[in-house]
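Q: Below: one structure in structure tokens.
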Amino acid sequence: MKKKTKIAIVIACIFLVYCVILFIKLLANPTDTFIVEQGKIYKEESQNGYIIRDEQIIENEASNGNIVQLKAEGKKVANGEAIYRYSLENENELNKKIEELDVQIQEALQKENTLFSTDIKLLEAQIEEKLENVYENTDIQEIEQYKKEISNAITKKAKIAGNLSSNGSYVKQLIEQRSAIENQLNSNSQYVYSNKSGIISYKVDNLEGTLTTGDFSYLNKQFLESLKLKNGQIIASNSTKAKIINNFKCYIATVSKTEEASKSEVGDTLKIRLPNSEEIPAKIVYKSSEDSNETLLVFEIEQAVESLINYRKIVFDIIWWSDSGIKVPNSAIKYEGKFAYVIRNRAGYNEKILVKVLRQNDNYSIVENYSTAELEEAGYDMSTLDSKKSISLYDEIIIKKD
């Protein structure tokens, strides 16, 4: 028993001495370590982007006053569809009368004990469903649309119930009053119709005729800066006109000083990252050199077009390339002649591992192991091939501090 105790003490002392020596080495030559992982690296840059759309203002220049939206913001519309109308001077007064009549009609129907038809029960179910949508929705335009649908359903219900109720003449009289006011609203209003299909938007900033698609030769850095737009500023809704937007594509113009921008070509495809972190494909459709250091680019995108309706200027990321594989920090990579290598630490023992650098950005590299054939072709010492080490996931590699 004493012999086992002595052996344990000796082992503990040896381990303690080893730890002290390792600690002294770290003080003399401090290092960090990195656990090799499967990862992805990017070559990207953040830039200001100006949103350019195929959009057309829809208005009646002969009419004055605020508009009443018939189609909610961001909804798709067809060519020839009514999108809004101009409000009447006494519209608030007329709407108030309609609301009062709706209450009177409902009160009259609630006093009835008549078993109503299946049509009425169906309308009541629709009204309940629309009411739930109103309570759960936060979009003002959609809430107004639901209210309009509820009002129409109540009117239909009243017309049917009026014929079945004992006081049908009174209900019919209320309905006729309501219909007369509605006719007054509809017949005296000036309606505006879409002249093309697309997305309806009331966010008009008066740049629709300035930032145009097709020929982008009018664009330059000075012109874009003269617009004095703020990044991420939401375009305010307009109360007098609307516009139709092409929902299939839009464009982002930017000015870059990077080498990647300078070397890019029209027709190149890559990815961009929008402010909401969504990565989408983009294609360069226009390029011009501002001066020896800056390049103006126009990207065409066909995804997430609707998410950009609210904005004219954004901060976005241009992802020139991305690659995935075994990821290591650049600070862990050393060179011996033309061969790159890293230092792997296993249980305190360091060994050199040759790696082939496939792709590199400012901070990280994607690497892989050399094949035996590649090393032979490169003239690597044949006597060391049998002991060639390979880098693997979860290896601990050394990063020396500066």
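The values are calculated or read from the model by the stated rules, or taken from the named source; none is laboratory data. Note that this is a predicted model, so its numbers are computed, not measured. Methodologically, a virtual Cβ is constructed for each residue, glycine included, from the backbone with ideal geometry; neighbour enumeration extends over all protein chains shown.
Q: If the requirement is being within 30 Å of the chain's Cα centre (by Cα) and either over 30 Å from GLU302 (Cβ atoms) or at pLDDT 80 or above (or both), which of these qualifies: GLU81, GLU61, GLU100, GLU93?
A: GLU81
Q: Among the residues of the range 257-266, is any closer than 27 Å to SER201 by Cα and touching a Phe, Trp or Tyr at 6+ places or on another chain (Cβ under 6 Å)?
A: no
Q: Within the range 50-64, track down each residue that is in contact with a helix residue (DSSP H, G or I) (Cβ under 9 Å, 6 or more places away or on another chain) and either over 19 Å from SER307 (Cβ atoms) or in a strand (DSSP E or B) (or both).
A: TYR50, ILE51
Q: Whether any residue in the range 107-115 is out of contact with any helix residue (DSSP H, G or I) (no Cβ under 7 Å at 6 or more places or on another chain), at pLDDT 75 or above, in a helix (DSSP H, G or I) and assigned by TED's automatic domain parsing to the domain that holds GLU176 is what I want to check.
A: Yes, that holds for at least one residue.
Q: Of everything in the range 350-381, what is part of a strand (DSSP E or B) and of a type in the set (D, E, K, R)? Give them in sequence order.
A: Answer for the range 350-381, where residues must be part of a strand (DSSP E or B) and of a type in the set (D, E, K, R): GLU351, LYS352, LYS356, ARG359, GLU368.
Q: If the requirement is being basic (Lys, Arg) and buried (at least 17 other Cβ atoms within 10 Å of the Cβ), which of these qualifies: LYS230, LYS243, LYS221, LYS263?
A: None of the other options fit; the residue is LYS243.
Q: Do we have ILE244 as under 18 Å from LEU207 (Cβ atoms) and in contact with a Ser or Thr (Cβ under 6 Å, 6 or more places away or on another chain) here?
A: So ILE244 passes the test.
Q: Quick check, is ALA180 among the hydrophobic types (A, V, I, L, M, F, W, C), within 30 Å of GLU99 (Cβ to Cβ) and assigned to a loop (DSSP other than H, G, I, E, B)?
A: Here the answer is no, as ALA180 does not meet what is asked.
Q: While we're on this one: Identify the single condition in (1) closer than 20 Å to GLU225 by Cβ; (2) free of Cβ contacts under 8 Å to residues at least 24 places away in the same chain that SER277 does not satisfy, given that it satisfies every other one.
A: It fails just one condition, (1).
Q: Still on this model: Of the residues SER237, SER256, SER217, SER262, only one is in contact with a helix residue (DSSP H, G or I) (Cβ under 9 Å, 6 or more places away or on another chain) and in contact (Cβ under 8 Å) with a residue 24 or more places away in the chain; which?
A: It is SER256.
Q: With the condition kept exactly as written, say whether any residue in the range 326-347 is crowded, with 18+ Cβ neighbours inside 10 Å, of a type in the set (A, V, I, L, M, F, W, C) and under 28 Å from ARG53 (Cβ atoms).
A: no
Q: Since ILE309 meets every condition but one in (1) within 21 Å of ASP54 (Cα to Cα); (2) touching a Leu at 6+ places or on another chain (Cβ under 9 Å); (3) of a type outside the set (Phe, Trp, Tyr), which condition does it not meet?
A: With respect to (1) within 21 Å of ASP54 (Cα to Cα); (2) touching a Leu at 6+ places or on another chain (Cβ under 9 Å); (3) of a type outside the set (Phe, Trp, Tyr), ILE309 is out only on (2).
Q: When you look at SER365, is it within 24 Å of GLU208 (Cα to Cα), more than 25 Å from the chain's Cα centre (by Cα) and of a type in the set (S, T, N, Q), yes or no?
A: Against the criterion (within 24 Å of GLU208 (Cα to Cα), more than 25 Å from the chain's Cα centre (by Cα) and of a type in the set (S, T, N, Q)), SER365 does not qualify.
Q: With the condition kept exactly as written, say whether any residue in the range 182-194 is modelled with pLDDT of 90 or more and either touching a Lys or Arg at 6+ places or on another chain (Cβ under 9 Å) or under 29 Å from TYR286 (Cα atoms) (or both).
A: There is at least one residue in the range 182-194 that is modelled with pLDDT of 90 or more and either touching a Lys or Arg at 6+ places or on another chain (Cβ under 9 Å) or under 29 Å from TYR286 (Cα atoms) (or both).
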